[in-house]
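Derivation of every value follows stated rules applied to the coordinates shown; laboratory data play no part. Just so we're clear, the structure is a prediction, and the values are computed from it rather than from any experiment.
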Amino acid sequence: GADDIISMTYDGKGDVLMNLGKIDRSSRPLDNNTLNPPNLPNLDLPCSVTIRGSELAQAFRAARQVGDLVTLSIDQEKFTIHVSGPNDSVTVVYGHDELQGITCESPAKSQYSLTYLVPLGKVFSSIESVTIAFGENFPLAMDFTFSDGSGSVKYFLAPRVEQEGY
C-alpha cells in the first residue's frame, strides 16, 4: 500500500536487492564496462539553428494538432516550422533576432515525422538551448544538454522523402 516501505541493499556482488512487503526482487544494474557506445554518423549538415527548448516544444505541440509531418525550412534570416493538415495548417516563423543562433549558406527544407519529435517536446520544455542541424532532405540532428551540463544528447532522425510519381 501507500505506507509500505521499500528496502534496497547492494549485495557487493553486483546485484541490488529490493524488498516491498512480501516481495523480494534482485536486479543487476547496467554495467558501463559492458555497454558499447553507439556509432554516431559523421554528417556534415549544412544548416543549423539554436533555439530555446520551450519555444521548440510549443511549436511541435501546435504542429501535432494539425498533422503528422512537419516541414522545417531555414535560410540566412529565419527558421520556419510548418505543418499542413487536411483542413488547416500551422506555421511558426522565428526571425534571426528571435534565435540564439542561425547558420545557413543556402536555403534548405526537409520533412520529418512528428511521431518522433513531439515526445521530445516534453524534454525540451526545460532545456535552455536546442541546436537543430539539417539540410535539403538530410537527416535531422538535435543536440542539447541537461542538468546544468551533466548530460548531453545527440538525436538523429531520418527525413521523410517524398518520391515524385508516386
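Mean-square fluctuation check for the chain, GNM, Cα pairs under 10 Å: which of V153, V90, V49 is largest?
V153
Could you state the angle between the C-alpha long axis of helix 114-124 and the longest principal axis of the C-alpha atoms of the chain, as a value from 0 to 90 degrees rounded to the nearest 10?
The answer is roughly 60 degrees.
Highest GNM mean-square fluctuation, the chain, Cα pairs closer than 10 Å: which of R28, R64, R52?
Highest fluctuation of the listed residues: R28.
Given only helices, namely DSSP H runs of n ≥ 4 each adding -39500 (n - 2.57), what is the per-residue ellipticity at 222 nm of the chain, to the nearest 500 deg cm²/dmol?
Value at 222 nm, helices only: -4000 deg cm²/dmol.
For segment 1-153, what is the convex hull volume of its Cα atoms per residue in Å³?
183 Å³
Taking the chain as a Gaussian network, Cα atoms linked when under 10 Å apart, which of G21, G85, G151 shows the biggest mean-square fluctuation?
Judging by the Gaussian network model, the answer is G21.
Any idea how many Lys pairs in the chain come in under 27 angstrom at the alpha carbon, given 8 or more places apart or on separate chains?
7
Hey, could you get me the Stokes-Einstein D for segment 38-112, Kirkwood radius over alpha-carbon pairs, 20 °C and 1.002 mPa s, rounded to whole µm² s⁻¹?
It comes out at roughly 162 µm²/s.
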